[in-house]
């Protein structure tokens, strides 16, 4: 199906890595919105970086998920045409259910390469809490460069190394022999990927967000409902045993306690660029 016909959702073939990501987030599509704690604020903070006076005609939103940022974009730029894509069919279905496609909004199931090949040039690209899941950040940025008009603006925010630091510290303390496969990018790695495109850097900042949940069990339930637990930044070569999981939760509850529960930290990079 063609995404341009009547707001239909188009399907595309993904790479193996993108298929894995799609499967994880598709399984969490109906629980995602109630499980995320800082994502709505991150989307609000990201949109605040966009100049008040500018009114873009065409906006591309990579990794739209269930549409947390999309809905804010529609309210802020009612005159703009917004194309939002995600690798997860169920996430796109949920986004379309919460905010149906129409004359000003189009949803599409696609990876970065598919979006770059299929769509035209945009004067604005905005993405919130998505690019850290790209199988290759430099490759994703190169694909987005092909969607980007000269003089256009790029604003994105994504999770950095240091996110869920309490959980990772607890895991290293309890099961140091079972490290996770990968870590999230650093602010410097994010900036390097964007600078490599020759874009003009306008602002790069790092912000820390902290929320409180009742206990470690609630933390694990939350990241499961976000679709995060199966990813390389959460999953190691061997699964944790039941005993190891209990010890991890006990360590977390003991070492990261607050007056109201336990702390959960998210570290987010904000990047604003313009294409010459």
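The values are calculated or read from the model by the stated rules, or taken from the named source; none is laboratory data. For clarity, every value in this text was computed on a predicted model and none was experimentally measured. When we count neighbours, we look across all protein chains shown, and the Cβ atoms used for this are built from the backbone with ideal geometry, even at glycine.
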*For residue 88, work out the one condition from (1) surrounded by fewer than 21 Cβ atoms within 10 Å (Cβ to Cβ); (2) within 25 Å of residue 225 (Cβ to Cβ) it doesn't fulfil.*
(1)
*What are the residues in segment 52-82 that are in contact with a strand residue (DSSP E or B) (Cβ under 7 Å, 6 or more places away or on another chain), over 19 Å from residue 40 (Cβ atoms) and surrounded by fewer than 24 Cβ atoms within 10 Å (Cβ to Cβ), if any?*
56, 57, 58, 80, 81
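Can you tell me how many residues within segment 91-107 are under 20 Å from residue 38 (Cβ atoms) and crowded, with 19+ Cβ neighbours inside 10 Å? Quick ask: steps written out before the conclusion?
Filtering segment 91-107 for residues under 20 Å from residue 38 (Cβ atoms) gives 91, 94-95, 98.
Now narrow it down to the ones that are crowded, with 19+ Cβ neighbours inside 10 Å: 91, 94-95.
Residues flagged as under 20 Å from residue 38 (Cβ atoms) and crowded, with 19+ Cβ neighbours inside 10 Å within segment 91-107 amount to 3.
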*Failed condition for residue 32, given (1) modelled with pLDDT of 90 or more; (2) closer than 21 Å to residue 132 by Cα, with all others met?*
(1)
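How many residues, within segment 153-181, are more than 23 Å from residue 206 (Cα to Cα) and buried (at least 17 other Cβ atoms within 10 Å of the Cβ)?
So the first thing to find is which residues in segment 153-181 are more than 23 Å from residue 206 (Cα to Cα), and the list is 170-181.
Now drop any that are not buried (at least 17 other Cβ atoms within 10 Å of the Cβ), which leaves 170-171, 174-175.
The qualifying residues number 4.
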*Which one of the conditions (1) modelled with pLDDT of 95 or more; (2) out of contact with any strand residue (DSSP E or B) (no Cβ under 9 Å at 6 or more places or on another chain); (3) surrounded by 17 or more Cβ atoms within 10 Å (Cβ to Cβ); (4) farther than 21 Å from residue 179 by Cβ does residue 249 fail to meet, given that it meets all the rest?*
(4)
